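The structure appears below as structure tokens.
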Amino acid sequence: MTESATLATAPSVAAPRQATGRHLSPEGYAAFGAALDAIRARVTADIGERDLRYIRRMIRFQRTAEIGGRLALFALLLGFSPIVFGLGVLLLALSKILNNMEIGHNVMHGQYNWTNDPKLRGKDFEWDSACPADQWRHSHNYVHHNFTNILGKDRDIGYGILRMADEQPWKPKHLFQPFRAVLMALIFEWGVAMHDLEMDRLRAKEISWQSVRERFWQSIRKMGRQGLKDYVIFPLLAFPIFGTVLLGNFLANIIRNVWAFVIIFCGHFTTDVVMFTEEETANETRGEWYVRQLLGSSNIRGPRWFYVLSGHLSHQIEHHLFPNMPAHRYQEIQPEVEALCRQYGLPYHTGSLSRQFSEVVMRILRLSLPSRGNMHTANA
């Protein structure tokens, strides 16, 4: 999906000004959108060899980290060492984080389709995750980026598990959502693997089994391959220390899962992130689409290495504005985007990781209880 296609097929948001109390005129929205279009056009014209060198360097580094992690765990055949074990786990976790976030997420967005390199073709890339890449491309590239923060449309709002907006009806089961959030973080890749199956809608009989059967078995096959690789094949290759390698792979996956959960939730569910109803989303212009992406995202400040490990989703605002732009460019355009927001009186949500994550935790805790002024409940 091209960026222009994303904008053209996006649903409408007529009232981002209503959601923020700010009142841009139609001309103001048009001017804001034109300024962002100019940034996109300028970067697009400059994309080339530097970007190709960057992603290929990241792929080499990720593969080196994976080989180093596997070898460190296998080296325990010579005798157990906590330092070598910890090094193996951390290198393997680093490899999985880079594969999923800086490489997989960005390549599957089509950020490197222009290279004509089959290994960087977004629609064909498969990643080291339990989620089938085709399903992720649908649930994330299409659904989430088109219907960003539209209640009832964007299934990434709480992933169908957590209540993350006051407008969502409260149910008694939400009292347990702090515990569910912790479990979700630990098994995040497996939850994402089931996300596009819409099991909540299947249980509610809103969709039929026939409509999800093919996707279900696709997920089962990918989850099986992923589990077989990490929890059977590699441990068996080091049979005398099968349990040690199994534990190392398990811990590496847990680290990757928790890291991905933290980064993604900090980009979408901080205090000031705005949710929209379908009624507020009619006749959206290009400028209003941009504003909705801005209001539905938060950035995380940190050092350069942090941006790389987050897949540059530390710049979630820029990612939502320009999903098909090579992500390592977001840091370069961030000051210009923030300045535009100040110029047009629009909020630009950013903060440290500790601050943003504390806001996410508070949102999860607050919404585990009925919202003040919205005390209606639904049957669990």
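Any read-out appearing in this document is the output of simple, stated calculations on the displayed coordinates, not a laboratory observation. Source: prediction; values computed, not measured. Backbone-built Cβ (ideal geometry, glycine too); neighbour counts: all protein chains shown.
Here are the numbers:
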{"quantity": "Label-point separation, T277 to R50 (7 Å along Cα→Cβ), nm", "calculated": "4.7"}
{"quantity": "Within the chain, helix-based [θ] at 222 nm, where runs of 4 or more DSSP H residues each add -39,500 (n - 2.57), nearest 500", "calculated": "-16500 deg cm²/dmol"}
{"quantity": "Sequence ranges 319-326, 223-230, ranked by mean other-Cβ count within 10 angstrom, highest first", "calculated": "319-326, 223-230"}
{"quantity": "Which listed pairs, of K123/K171; K173/K205; K123/K153, have C-alpha distances above 30 Å, in listed order", "calculated": "K123/K171"}
{"quantity": "Crossing angle, helix 26-46 versus the chain [Cα axis fit, 0-90 degrees, rounded to tens]", "calculated": "30"}
{"quantity": "Separation between Cα centres of region 78-119 and region 184-232, rounded to whole Å", "calculated": "23"}
{"quantity": "Set of aspartates and glutamates with alpha-carbon distance to K229 below 18 Å, sequence-local pairs under 8 removed", "calculated": "E66, E126, D128, E189"}
{"quantity": "Highest average packing first - 201-210, 95-104, Cβ atoms within 10 Å", "calculated": "95-104, 201-210"}
{"quantity": "Computed lengthening from K229 to E167, 0.36 nm per intervening residue step minus Cα-Cα distance", "calculated": "18.1 nm"}
{"quantity": "Inverse mean reciprocal Cα-Cα distance (Kirkwood Rh) of region 160-260, Å", "calculated": "15.9"}
{"quantity": "Estimated inter-spin distance, A30 and F80, nm [label 7 Å along Cα→Cβ]", "calculated": "7.1"}
{"quantity": "Volume of the Cα convex hull of region 158-209, divided per residue and given in Å³", "calculated": "89"}
{"quantity": "Solution diffusion estimate, µm²/s, Stokes-Einstein, region 100-217, Kirkwood Rh from C-alpha pairs, 25 °C, viscosity 0.890 mPa s", "calculated": "156"}
{"quantity": "Paired Rg and Dmax values of region 217-375, which use every Cα atom, in angstrom", "calculated": "20.2, 64"}
{"quantity": "Fewest-first sequence of R60, R286, R292 by Cβ atoms within 10 Å of each Cβ", "calculated": "R60, R286, R292"}
{"quantity": "Projected area averaged over orientations for region 102-169, convex hull of C-alpha atoms, nm²", "calculated": "5.2"}
{"quantity": "Length added when fully stretched, R366-F239, from 0.36 nm per residue minus Cα-Cα", "calculated": "41.0 nm"}
{"quantity": "Rg/Rg_ref, the chain, where Rg_ref = 2.2 N^0.38 Å and atoms are Cα", "calculated": "1.01"}
{"quantity": "Residues V273, V258, sorted so that the one with the fewest Cβ neighbours within 10 Å comes first", "calculated": "V258, V273"}
{"quantity": "Cβ-derived FRET efficiency at R0 35 Å, I67 paired with E336, nearest 0.05", "calculated": "0.35"}
{"quantity": "Compactness of region 64-115 - radius of gyration and Dmax, Cα, Å", "calculated": "14.7, 48"}
